[in-house]
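The structure appears below as structure tokens.
The values are calculated or read from the model by the stated rules, or taken from the named source; none is laboratory data. Since we're looking at a predicted model, the values are computed, not measured. Every residue, glycine as well, gets a Cβ built from its backbone with ideal geometry; the counts of neighbours run over all protein chains shown. To get the accessible areas, we keep the full protein, side chains included, count just its heavy atoms, and leave off ligands, DNA and RNA. Shrake-Rupley method; radii C 1.70, N 1.55, O 1.52, S 1.80 Å.
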Amino acid sequence: MGSPLLSLIRKDLLIEWRQKHAFFGVLLYVGSTVFVIYMMSGQPDVRTWNALFWLTQLFVAVNSVAKSFLQEHPNRFRYYFTVVKPSTFLLAKMIYSLCLMLLISMLSLLLFCLLLGAPLQQTGLFVAITAVGSISLSTVFTFLSAIAARAQQNAALMAILGFPIITPVLMMLSSLAQKAILPVYQTDWWSLAGTLLMLDVLVIILGLILFPFLWQE
């Protein structure tokens, strides 16, 4: 049987495999976006490259990660309520969303480097920051998706709640990424990275505390 957490992650992977059109649709969106940027402006300067990359990651998260709870039928929640704990269900969704977001983000980075140039001074560091960004975006949007799903599948609620939360996250990710792009040393880099990771931990803790109450609605 395995643990409930692994079983739930495997269930989401099987659903994603059966609905491959959704995954490839997101990849097509990313490829089309990068190609259009290349056709319109060629290879942009480093600051514009950085901003375009994180904006693309935002829309990738909205189109792929944010549907994690919204794609579940309301009647299924009643079944899950009888077989797993709410914290286990939420963690499974977050882990699956993280894996999906990490995969698409790395493919996006590859496309950006191939078509729009690779203005990276420290490639390994930028890859690490991209991984941190995947954690942040997937965690926030998974939690918002859970709230929206339990509020009569109201996707507009996710957009309303997400804007004030995701804006500072994107600003911090953009500032962190400049460390790997620009040769200028930033003294507050480590404090900014710590703040972002603490925000991720806070979102996870809030999710584990609040989701059981949403689960029972």
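Of all positions in region 168-185, none carries a residue that is within 30 Å of Arg78 (Cβ to Cβ), modelled with pLDDT under 85 and open to solvent by less than 10 Å² (accessible area, probe 1.4 Å). Close contacts from region 196-217, counting a first residue that is touching a residue at least 40 places away in the same chain (Cβ under 8 Å) and open to solvent by 80 Å² or more (accessible area, probe 1.4 Å) and a second that is hydrophobic (A, V, I, L, M, F, W, C) and outside any helix (DSSP H, G or I), with Cβ to Cβ under 9 Å and a gap of 6+ residues or different chains, come to Glu217/Ala151. What are the residues in region 1-32 that are of a type in the set (Gly, Ala, Ser) and in a helix (DSSP H, G or I), if any? Listed by number, the residues that qualify are Ser7, Ala22, Gly25, Gly31, Ser32.
Listed here are the residues, each with its yes/no results for (1) part of a helix (DSSP H, G or I); (2) open to solvent by 20 Å² or more (accessible area, probe 1.4 Å); (3) under 19 Å from Tyr38 (Cβ atoms); (4) at pLDDT 90 or above.
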{"position": "Tyr96", "(1), (2), (3), (4)": "yes, no, no, no"}
{"position": "Leu110", "(1), (2), (3), (4)": "yes, yes, yes, yes"}
{"position": "Leu114", "(1), (2), (3), (4)": "yes, yes, yes, no"}
{"position": "Pro119", "(1), (2), (3), (4)": "no, yes, yes, no"}
{"position": "Gly124", "(1), (2), (3), (4)": "yes, yes, no, no"}
{"position": "Ile129", "(1), (2), (3), (4)": "yes, no, no, no"}
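No other residue among Pro74, Pro86 is of a type outside the set (Gly, Ala, Ser), within 19 Å of Leu144 (Cβ to Cβ) and either modelled with pLDDT under 80 or in contact with a His (Cβ under 7 Å, 6 or more places away or on another chain) (or both) apart from Pro74.
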